[in-house]
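Student: Would you mind keeping the following structure in view while I ask a few things?
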């Protein structure tokens, strides 16, 4: 069966510091991968998605970037965090077929101070 | 836009039935998904509708009307553990990208 791992679970970082969140998927090959952010009391916002190694699409302009160095590894980064980057970050995967559901990792709660 | 609207909060009694409604903009529609999210946890997939009608999965059912841009999630025989947020999401733009509503927070009382 497929599993998705995301770490760390919580993170407190000062403004201006860098960020690296990692996500890996096991038990499947060539998955679609996604990064979402959930602000308190709001819906999930799609930040990036990837359909293959090195292929990254950004959905919203922002202070973050994503990379996919391996088939089942997805990384979310920032060079300098802003206060507004605080939130609950969720990695997800889906099969490549249309209308396959997304399956989420346990999330990273990021607080920028 | 791709607005998805659902009630912010609902309350219900243990053992009862509750219906959570969701309306969405129909342009570019590509499937309707429901997820459950307990506080502080990740969303988990509940159901998927792409054709009109009712899909039943145990105590949970989901309905879709594409012409009306309308879906609902029906929860039967409510249990305390069903207290959670329920997220309505529509597929948009291919690649299984999902646009989420803000969620409906359901509180189940004894």
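The values are calculated or read from the model by the stated rules, or taken from the named source; none is laboratory data. Quick caveat, the model's predicted, so the values are computed rather than measured. Cβ placement follows ideal geometry from the backbone for every residue including glycine, while neighbour counts extend to all protein chains displayed.
Student: Among the residues of the stretch A:1-19, write down those that are surrounded by 12 or more Cβ atoms within 10 Å (Cβ to Cβ) and free of Cβ contacts under 8 Å to residues at least 40 places away in the same chain.
Tutor: A:3
Student: Out of all the residues in the stretch B:20-38, is one or more more than 30 Å from residue A:56 (Cα to Cα), more than 12 Å from chain A (Cβ to nearest Cβ), modelled with pLDDT of 95 or more and assigned to a loop (DSSP other than H, G, I, E, B)?
Tutor: no
Student: Tally up the residues in the stretch A:44-65 that are touching a helix residue (DSSP H, G or I) at 6+ places or on another chain (Cβ under 8 Å) and assigned to a strand (DSSP E or B), please.
Tutor: 0
Student: Now a separate question. Against the definition (away from chain B (no Cβ under 14 Å), modelled with pLDDT under 95 and under 23 Å from residue B:91 (Cα atoms)), how does residue A:62 come out, yes or no?
Tutor: Judged against the criteria, residue A:62 is a match.
Student: Out of everything in the stretch A:86-102 that is free of Cβ contacts under 8 Å to residues at least 60 places away in the same chain and under 27 Å from residue A:113 (Cβ atoms), what residue ends up being farthest from the other protein chains (Cβ to nearest Cβ)?
Tutor: A:86
Student: Further question on the same structure: Residues in the stretch A:103-113 that are at the interface with chain B (Cβ under 10 Å from one of its Cβ atoms) and not in a loop (DSSP other than H, G, I, E, B): how many?
Tutor: Within the stretch A:103-113, residues that are at the interface with chain B (Cβ under 10 Å from one of its Cβ atoms) and not in a loop (DSSP other than H, G, I, E, B) number 3.
Student: For residues that are within 12 Å of another protein chain (Cβ to nearest Cβ) and surrounded by fewer than 17 Cβ atoms within 10 Å (Cβ to Cβ), scanning just the stretch A:20-44, find the one that is modelled with the highest pLDDT.
Tutor: Filtering first and then ranking leaves A:39.
Student: Quick check on this structure: which one of A:81, A:76 is in contact with a strand residue (DSSP E or B) (Cβ under 6 Å, 6 or more places away or on another chain), outside any strand (DSSP E or B) and away from chain B (no Cβ under 14 Å)?
Tutor: After applying the criteria, what remains is A:81.
Student: Do you know which residues across the stretch B:71-99 are crowded, with 23+ Cβ neighbours inside 10 Å and without any contact (Cβ under 8 Å) to a residue 24 or more places away in the chain?
Tutor: B:96, the sole residue that qualifies.
Student: Oh, and also: Can you tell me which condition residue B:102 does not meet? The list is (1) farther than 30 Å from residue A:60 by Cα; (2) surrounded by fewer than 21 Cβ atoms within 10 Å (Cβ to Cβ); (3) within 14 Å of chain A (Cβ to nearest Cβ), and all the others hold.
Tutor: Going through the list (1) farther than 30 Å from residue A:60 by Cα; (2) surrounded by fewer than 21 Cβ atoms within 10 Å (Cβ to Cβ); (3) within 14 Å of chain A (Cβ to nearest Cβ), residue B:102 breaks only (1).
Student: How many residues are under 17 Å from residue A:38 (Cα atoms) and buried (at least 16 other Cβ atoms within 10 Å of the Cβ) when one looks only at the stretch B:1-44?
Tutor: Going through the stretch B:1-44 one residue at a time, the tally reaches 8.
Student: Can you name the number of the only condition in (1) in a loop (DSSP other than H, G, I, E, B); (2) more than 26 Å from residue A:108 (Cα to Cα) that residue B:56 fails?
Tutor: For residue B:56, the exception is condition (1).
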